[in-house]
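A short worksheet on the structure shown next.
Any read-out appearing in this document is the output of simple, stated calculations on the displayed coordinates, not a laboratory observation. On a predicted model such as this, the values are computed, not experimentally measured, just so you know. When we count neighbours, we look across all protein chains shown, and the Cβ atoms used for this are built from the backbone with ideal geometry, even at glycine.
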């Protein structure tokens, strides 16, 4: 399966869990760490966990397993590394604080 197709499935899984402000950034031309960076926020820790579970299930059913996951059910952020795709889930406050969109401003926002 193509990487962009997986990104579309991740976005759909996040939206199914009512994720807020799902942003996909194409970073393949500016970084060797991944091709896409997906950022989303949720309103509480339970929603972040549900979003994480939805992404993980989507990737697992498509034969992709996380290389690494940082954060847990008590965290206000969760990072999921799927090699070509990195998913970062935040509380609204942490998303504003870390401002990853600014860090990856040289990437291209992908409208799906």
Using Cα-Cα distances under 8 Å and only pairs 6 or more residues apart, what relative contact order does the range 27-81 have, in percent? 27 percent
So, R0 is 25 Å and r is the distance between the beta-carbons of residue 112 and residue 53; what FRET efficiency does that work out to, to 0.05? 0.75
In whole percent, what relative contact order does the range 55-100 give with Cα contacts below 8 Å and a gap of six or more residues? 25 percent
Which value in nm describes the separation of the simple spin-label points at residue 16 and residue 44, placed 7 Å from the Cα toward the beta carbon? 2.2 nm
For the range 50-112 and the range 22-45, compute the distance between their C-alpha centroids and round to whole Å. 6 Å
Computed [θ] at 222 nm, deg cm²/dmol, the chain (DSSP H ≥ 4; -39,500 (n - 2.57); rounded to nearest 500): -11000 deg cm²/dmol
Under the rule a/c < 1.5 gives rounded, and otherwise a/b versus b/c splits prolate from oblate, where does the range 40-90 land using the Cα gyration tensor? prolate
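Share of antiparallel DSSP beta bridges in the chain, in percent to the nearest 5?
Among the beta bridges of the chain, antiparallel pairing accounts for roughly 70 percent.
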Relative contact order (%) - criterion: Cα under 8 Å, at least six apart; region: the range 3-103: 27 percent
Mind checking the full-extension length gain between residue 81 and residue 62? Use 0.36 nm per residue of separation minus the Cα-Cα distance, one decimal, nm. 5.3 nm
For 108, 11, 67, which order do you get if you count the other beta carbons within 10 Å of each Cβ and list the fewest first? 67, 108, 11
Gain in length, residue 101 to residue 31, computed as 0.36 nm per residue apart minus the alpha-carbon separation, to one decimal in nm? 23.8 nm
